[in-house]
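First the structure, in the form of structure tokens, and then the observations on it.
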Amino acid sequence: MSNINEFLNETIEIGQKLTNAKSNITKIQELQAQLLDNHISTIKEDLLNKERENFVSNTRNLLVECKDHIKRIQYENARIPSSDPNFGQRQQRYEYLKTKLSNVLEDYSQVESDFMKKTKDRMTGQYKVVKPNATQQEIDDYVSNSSNSDSQSMISQQASLNTNEINEAQKVLAEVQKRHEYIKNIENTVAELTALSRDLHLHDQTDQTIINNEQNVQDAENNLACVLL
């Protein structure tokens, strides 16, 4: 992109998309707080989670798009000589956007990690309702690997439970399993954010290596031309 005005307009658009992503993350955090409310109905919880998933998907697309644009800018800058009158401005905008994206990724990862911890804490509390004497190891194993068969097995082991208590236990464990799905989704999101951050910081060296190799080839061709002359 040779036109500096076009370049600056592009960076403004990228910056706005990152701002939109930050707004989305704030909304995601608000929805997560509501999902942790013990008093919301199942229908309300499902609606909130659906809305959260939509924001997560939209935010993922925004962050990937911004990362790709920033990566391309870095590659283009590496091909421009430092003597170019626009080089300093281009590099400054690149560093600004890279830092902004890096901060957004870090903040988002923290939001998801906090939600995962609070979700696990709530699952632990719900599990103890059904099995008050559970050991910490039992709780940790269940929170990490809960399944329908695990739930039914645990309920059947509580021989002293009456029909109402069994129904309540099944309801509580259904909630636990739903939150286990939340945790799996959170883990996927955190993994995606980690991959984006890694790609953002690793491509600097990769692209510079490509530039150096291209320059070496060009130098070799120039030297060969001089020899032949």
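Laboratory data are not the source of any read-out in this text; all were calculated from the coordinates shown. Keep in mind that what you see is a predicted model, and the values were worked out from it rather than measured. Quick reminder, even Gly has a Cβ in these numbers, built from the backbone with ideal geometry, and neighbours come from all protein chains shown.
The residues listed here are GLU53, GLU45, GLU65; of these, the one that is under 14 Å from the mean Cα position of the chain (by Cα), surrounded by fewer than 18 Cβ atoms within 10 Å (Cβ to Cβ) and closer than 16 Å to ASN185 by Cβ is GLU53. Checked against (1) of a type outside the set (Phe, Trp, Tyr); (2) exposed (fewer than 15 other Cβ atoms within 10 Å of the Cβ); (3) farther than 14 Å from PHE7 by Cα, SER109 passes all but condition (2). Contact map, the stretch 78-97: residues that are β-branched (Val, Ile, Thr) paired with residues that are part of a loop (DSSP other than H, G, I, E, B), Cβ distance under 8 Å, separation 6+ or inter-chain. Pairs shown: ILE80/ASN86.
Checking each residue in the stretch 18-31 for being surrounded by 16 or more Cβ atoms within 10 Å (Cβ to Cβ) and either of a type in the set (Gly, Ala, Ser) or closer than 16 Å to GLU95 by Cα (or both) picks out LEU18, ALA21. In the stretch 76-98, which residue that is surrounded by fewer than 17 Cβ atoms within 10 Å (Cβ to Cβ) and hydroxyl-bearing (Ser, Thr, Tyr) is farthest from LEU193 (Cα to Cα)? So, considering only residues that are surrounded by fewer than 17 Cβ atoms within 10 Å (Cβ to Cβ) and hydroxyl-bearing (Ser, Thr, Tyr), the one farthest from LEU193 (Cα to Cα) is SER83.
Within the stretch 73-97, being in contact with a Lys or Arg (Cβ under 9 Å, 6 or more places away or on another chain) and assigned to a helix (DSSP H, G or I) holds for ILE73, GLN74, GLU76, ASN77.
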